[in-house]
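Contents: one structure, followed by commentary.
Coordinate-derived values only; no laboratory data. Fair warning: this is a prediction, and the values are worked out from it, not measured in the lab. When we count neighbours, we look across all protein chains shown, and the Cβ atoms used for this are built from the backbone with ideal geometry, even at glycine.
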Amino acid sequence: MAIVETILAEHTGTKHVQPGDMLITDVDRVYVQDGNSPTIAKIFGENEWDRVFDPKRVDIFFDHSVLAPDVRIADRLREAEAFADALGVNVHRAGEGISHVVALECGIYEPGTIVVGADSHTCTGGVSQALALGMGASDVAVAMRTGSVWMRVPETRWVRVRGKPGERTRAKDVLLRLLGIVKRTEFLSTSLEWCGEWVEGLTLDEACTVANMAVELGATCTFLPSTEGREPNRYSPKPPNGSHPAVYELDVSEMGPQVARPHSPADVMGVDECAGQPIDYVFIGSCANSRLSDIRDAATVLKGKSVSRKVHCVVTPGSRDIFVRALREGLVDVLVQSGAIVTPPGCGACVGTQGSIPASGAHVFSTMNRNFQGRMGNPSASIWLGSAVTAAHTAVFGRIPFEREMA
Amino acid sequence: MNNLQGLRVRCVQGVISTDDILPARYKHMTTNPRELSTHLFENIGARFGAPLTPGSAIVATDVFGVGSSREQAVSALRAADVRAILSPAFGEILYRNCWNLGLPALKLDTSGLEDGDLVDIDLVTGVLRDPLKGSAWSFAHVPDPLLRLLRCGGLIPMVKEFGGLRG
């Protein structure tokens with residue numbers, strides 16, 4: 001059986017499940033972010049639910065509006081805080097970081113477990129071989145209350161990535177490339193398992209980016225092999241042998257940096273094809289790319305250089321732990337000296353609930369995972385996506401660079 | 001319950017993200033679906049055209065609802081009295097959210113359906129008809145657990161009625 005089938009069979013006490021089966025399964029952990037907790041609190045209130053299935057296995061994160069930007073959002077946050085405190089669950093206050101980043105740090109994702117999160121990027125948990133599922137407010141409310149969800153067992157597909165990409169190419173570029181070349185329905189509603197020498201050699205930080213962007217490919221969930229010295233386990237991807245229609249082959253040999261242009265993460269080209277595009281605002285952060293290696297990539301590029309005077313450059317570390325390590329390593333010093341603004345950990349920039357909100361007509365270069373029209377809070381802005389390396393070079397030049405300039 | 005009659009077709013072209021349906025930031029401001037529904041499709045207003053009329057069936061041409069887990073997009077569609085979504089493919093989370101809130105999301109090839117068409121849908125036999133044009137479309141069998149969600153009025157009413165998912 002594929003990993004998703006093994007985990008669902010184990011959780012439902014059945015020997016065998018297959019794609020298409022509809023079943024009810026227990027879950028191991030549930031977590032919620034502040035944007036959806038008001039709706040979940042409303043469901044609890046309307047149904048007079050006053051407790052969760054197990055307070056130790058439920059976490060509520062405050063990450064989308066770390067510095068509340070207006071009265072309405074501040075009031076919703078107050079309601080969410082009261083809700084979280086009344087339930088006695090694990091609460092992660094504003095400033096601790098992005099739920100999917102902190103979830104890995106604090107052990108919410110464990111191999112072979114089922115994790116339900118009220119945010120589509122919960123699929124990041126596949127980096128630890130958890131069946132990690134993003135769901136909507138009703139599903140999450142029921143999971144919190146009863147410890148169970150309904151599932152349709154997804155079909156499994158594999159992506160085998162071979163080859164060694166260029167020196168300035170990161171996992172973000174590989175994911176953008178794949179998004180650019182596959183049909184939108186290729187991996188839709190599948191469980192996506194990753195294999196091949198490129199994936200096996202990833203750092204944990206980069207593996208997180210791969211898992212995180214599985215939802216951009218339309219996948220329901222994803223699984224990566226254990227990387228960076230973490231113990232392999234029986235939930236590691238096991239692709240069919242040889243050439244098989246369920247296995248998608250991708251060769252990334254010598255691949256250069258990639259960029260997605262407005263307004264779709266699947267509208268992708270090599271960096272040289274859009275080099276020269278003027279950029280007003282560079283954002284480095286988000287649950288896709290806010291980890292220490294991303295901050296380090298940005299600082300390596302910006303060391304001894306200045307952010308272009310035409311560019312507003314914001315760097316948002318993914319968690320308090322990453323922020324502290326970046327401080328100790330001197331990275332924050334480098335970034336601030338270069339002219340970048342370093343903000344508290346959080347993820348509100350992606351959806352315009354924290355800032356900086358781009359001006360109308362502005363072109364943003366961002367390390368986020370989505371650039372749909374209106375992301376970041378302004379439908380009149382245009383968002384380009386790429387890695388932290390490309391983003392930092394863009395900040396220096398005030399335009400998207402050519403690959404040869406990214407020395 | 002299993003028959004939907006006289007739904008007015010409202011077409012939307014191309015891949016539609018959940019952000020296109022309802023921009024992210026509003027759910028941080030209010031939990032009121034009626035208020036949220038005033039922001040439906042506002043970012044792609046030019047592509048989408050005039051506001052939705054009550055009793056609509058949204059008809060998409062590609063993948064509908066990619067990306068976000070935002071159930072509020074579906075509760076806003078419900079508040080605008082959207083009765084069904086028809087699309088060749090759906091984002092998985094949005095698809096769940098539709099059925100969880102009692103809004104049928106049906107997978108079918110929608111070519112031939114046009115703005116303003118009045119259609120009837122039989123969820124059990126899997127047939128959609130346009131009686132005026134005399135055309136019919138068939139769609140895949142809707143699994144029984146989804147029809148049950150619909151009968152109960154959605155996931156939360158079902159859990160309330162049966163005391164859990166296994167009742």
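A full extension of the chain between A:ASP272 and A:ILE341 corresponds to an added length of 22.1 nm, given 0.36 nm per residue minus the alpha carbon distance. For chain A, modelled as a GNM whose springs connect Cα atoms under 10 angstrom apart, the maximal fluctuation among A:ALA68, A:ALA246, A:ALA214 occurs at A:ALA246.
Please identify, among B:ALA57, B:ALA76, B:ALA24, the residue showing maximal mean-square fluctuation in a Gaussian network model of chain B using a 10 angstrom Cα cutoff. Judging by the Gaussian network model, the answer is B:ALA24.
Among beta bridges from DSSP that stay inside chain A, the antiparallel ones total about 20%. Determine the shape class of region B:7-104: with a ≥ b ≥ c the square roots of the Cα gyration tensor eigenvalues, call it rounded for a/c under 1.5, and otherwise prolate if a/b is greater than b/c, oblate otherwise. Rounded shape, in that the Cα axes give a/c under 1.5. Extending 7 Å from the Cα toward the beta-carbon at both A:ALA86 and A:ARG162 defines two label points whose distance is 5.8 nm.
Could you work out Rg/(2.2 N^0.38 Å) for region B:117-167, with Rg from alpha carbons only? Walk me through the numbers before you get to the answer.
Values: Rg = 14.8 Å, N = 51, 2.2 N^0.38 = 9.8 Å.
Ratio of Rg to 2.2 N^0.38 Å for region B:117-167: 1.51.
Per-residue extension of 0.36 nm, minus the Cα-Cα distance of A:ARG78 and A:ILE181, leaves a gain of 32.7 nm for this segment. Spin-label pair A:LEU327-A:LYS303: with each label point 7 Å from Cα along the Cα-Cβ axis, the two points sit 2.1 nm from one another. With a Förster radius of 22 Å applied to the C-beta separation of B:ASP81 and B:ASP115, the computed FRET efficiency comes to 0.80.
Residues within the reach of a label modelled at A:SER253 (point 7 angstrom out along Cα to beta-carbon, backbone nitrogen below 15 Å), restricted to region A:192-232, are A:197-198.
Counting only C-alpha contacts under 8 Å and six or more residues apart, can you give the relative contact order of region A:244-352 as a whole percent? List each step's numbers first, then the result.
On the way: 136 pairs, mean separation 26.2, N = 109.
Answer for region A:244-352 is 24 percent.
For chain A, adding -39500 (n - 2.57) for each run of n ≥ 4 DSSP H residues and dividing by the number of residues yields -8500 deg cm²/dmol at 222 nm. DSSP finds beta bridges in region B:72-141, and of those with both partners inside it, around 70 percent are antiparallel. Summary of the geometry: region A:392-407 and region B:136-167, compared by the centres of their Cα atoms, lie 53 Å apart. Database remark: amide H of B:PHE41 closer than 5 angstrom to the amide H of B:LEU22 (H placed geometrically; neighbours at sequence offset of 5 or more, or on other chains; Pro and chain starts carry no H). Looking at chain B alone, DSSP beta bridges between its own residues are antiparallel in about 40 percent of cases. Quick check for you: which residues of region A:15-57 have the amide N under 13 Å from the point 7 Å beyond the Cα of B:HIS141 toward its beta carbon? From region A:15-57, the list is A:21-22.
Over all distinct alpha-carbon pairs, what is the Kirkwood Rh of chain A in angstrom? Intermediate values should be presented prior to the final figure.
Values: mean 1/r = 0.0468 Å⁻¹.
Answer for chain A: a Kirkwood hydrodynamic radius of 21.4 Å.
Counting, for every residue in A:262-272, the Cβ atoms of other protein chains within 10 Å of its Cβ and taking the mean gives 1.
Which of rounded, prolate or oblate describes chain B when judged by the alpha-carbon gyration tensor and an a/c cut-off of 1.5?
Numbers: a/c = 1.69, a/b = 1.04, b/c = 1.63.
It is oblate, given that a/c is not under 1.5 and a/b is not larger than b/c.
How far is the Cα center of region A:55-120 from the Cα center of region B:64-108, in Å? Centre-to-centre distance over Cα atoms comes out at 25 Å. The relative contact order of region B:66-167, computed from alpha carbon pairs under 8 Å that lie at least 6 residues apart in sequence, is 23 percent. Approximating the spin labels as points 7 Å out from Cα along Cα→Cβ, the A:THR12-to-B:ASN32 distance works out to 4.2 nm. The overall shape of region A:304-407, judged from the alpha-carbon gyration tensor, is oblate: a/c is not under 1.5, and a/b is no greater than b/c.
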